[in-house]
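One structure is given here, and the rest of the page talks about it.
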Amino acid sequence: MRVARTKWPWLLNYDEFLYPPRLNREQSSSETTAKYKAGLAKRLLNDSETARICDLTGGMGIDCIALAVGQPLGDSVCTEVDYVELNAELCSLMEHNRKVLGLENLHVHQADSMEWISSGGKYYDILYIDPARRSSSGHKVSAFEDCEPNIIEHLPALLDRCRWLMVKASPMIDISLAQRQLSLVTEIHILSIKGECKEVLFVCGQQEKETTIYCNGLSAAKGYEHQFCRSDELSAVPCFCTEVKQYLYEPDAALMKGGAFNLICQWFGVEKLARNTQLYTSETHIESFPGRAFRVLGEIHLSRKEVSHAIAEGKAHVITRNYPVEAATLQRQLGLKEGGQLFIVATTVGTHKVGLLCCPATQQDDFLKVK
């Protein structure tokens, strides 16, 4: 219930809702990402009044619920949602929860998903699949061919049974490789919450077109969406700085995963530190920038002596970007403890390795403990 308060707060309205075992809860979508997928499905269906969706890897069923339920998660997306799951216990729980939530348009089926889609005879507007990303030994995996089911192996059968195939992938997925493996990828959606990449969704259609990449920050306080095609990024001309200015920016995880590195300069009027340094700078604070923003207090030589002289408390957060030493290693080398209000950013500006002493962009001077 402690997890539910933050991950699925809407379900707390239903005292009789039954939760599955821990592993299924951990693997489940959050209410926030499920609601996003319901909105995406509604757009793909073009507000069709009669539509059929099948979730081939039902699990806890949060995505199915978002697709089938009305407010407050969103308008009901379609007239029929099939939940397919091999695990009998999960199917029993979903049948109970379907009745608790009053979802008459959601149907539970205990079956092997690939057998179901191959022999069922139904054609769906959207097939949704979230392959299990754990090996037989219990280790996490990310590549499609290592997941269960292996959707690359079954891809022709999946595409033959739907207008749209929606695939949820690991946040660690290699997007370029996955796009080559899947057929007819029309959209890629990268979802982040509070600076962490949570999901990558691939949408496959029936016609070949240039893929649109959607980078979405779903945090309530500072949400954003930016979309682009790979050709847009390749044709965008980045602006490089000659020196680091007063403010420094680290893009949000979804933008980093999507690879909109050159376009960020155009979207926000910032300058890139170096070709392979995905950090940006500006003279004035750009409050709308999606990601972390720092105020640069000055350059600092990355030696234990100078750092101990500059940082009174011996505490700072260390960030490395395009730098030959990892953050944890550099922090030990500098004799710093994690914490405090200051940041040391070790990076490359142009062709030079530099250290930058920073604080959060909104930090007031009188709170800084700098000698």
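The values are calculated or read from the model by the stated rules, or taken from the named source; none is laboratory data. Predicted, not measured: the structure shown is a model, and the values here were computed from it. When we count neighbours, we look across all protein chains shown, and the Cβ atoms used for this are built from the backbone with ideal geometry, even at glycine.
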- Message: So Lys305 ticks every box in (1) in contact with a strand residue (DSSP E or B) (Cβ under 9 Å, 6 or more places away or on another chain); (2) without any contact (Cβ under 8 Å) to a residue 12 or more places away in the chain but one. Which box is left unticked?
- Response: (1)
- Query: Is there any pair linking a residue in the stretch 82-97 that is farther than 22 Å from Leu12 by Cα to one that is among the charged types (D, E, K, R) and exposed (fewer than 15 other Cβ atoms within 10 Å of the Cβ), with Cβ under 7 Å and at least six apart or on different chains, and which?
  - Reply: Leu86/Asp112
- Qualifying helices (runs of 4 or more DSSP H) (wholly inside the stretch 260-361; at least 2 residues being basic (Lys, Arg)): 304-310
- Message: If Ala220 meets every condition in (1) outside the structural domain of Pro131 (by TED's automatic domain parsing); (2) surrounded by fewer than 21 Cβ atoms within 10 Å (Cβ to Cβ) apart from one, which number is that one?
- Response: (1)
- Query: For the stretch 78-124, which residues satisfy the criterion of being assigned to a helix (DSSP H, G or I) and farther than 19 Å from Pro20 by Cβ?
  - Reply: Met114, Glu115, Trp116, Ile117, Ser118, Ser119
- Query: What single numbered condition from (1) over 26 Å from Arg161 (Cβ atoms); (2) surrounded by 19 or more Cβ atoms within 10 Å (Cβ to Cβ); (3) not hydrophobic (A, V, I, L, M, F, W, C) fails to hold for Glu199?
  - Reply: (1)
- Per the list (1) modelled with pLDDT under 95; (2) assigned to a strand (DSSP E or B); (3) of a type outside the set (Lys, Arg), residue check on Gln227 breaks on (1)
- For the stretch 163-221, which residues satisfy the criterion of being hydrophobic (A, V, I, L, M, F, W, C) and in a loop (DSSP other than H, G, I, E, B)? Met172, Ile173, Leu182, Leu184, Leu218, Ala220, Ala221
- Message: When you scan the stretch 232-243, do you find a residue that is touching a residue at least 12 places away in the same chain (Cβ under 8 Å), surrounded by fewer than 21 Cβ atoms within 10 Å (Cβ to Cβ), among the polar types (S, T, N, Q) and at negative phi, even just one?
- Response: yes
- Scope the stretch 287-331; condition surrounded by 14 or more Cβ atoms within 10 Å (Cβ to Cβ) and of a type in the set (Lys, Arg); matching residues: Arg292, Arg295, Lys315, Arg321
- Query: So Ala312 fits all but one of (1) over 27 Å from the mean Cα position of the chain (by Cα); (2) modelled with pLDDT of 95 or more; (3) of a type in the set (A, V, I, L, M, F, W, C); (4) more than 19 Å from Thr242 (Cβ to Cβ); what number is the exception?
  - Reply: (2)
- Note on the structure: When the stretch 32-62 is checked residue by residue, the ones that are farther than 23 Å from Gln227 by Cα and among the acidic types (Asp, Glu) are Glu49, Asp55
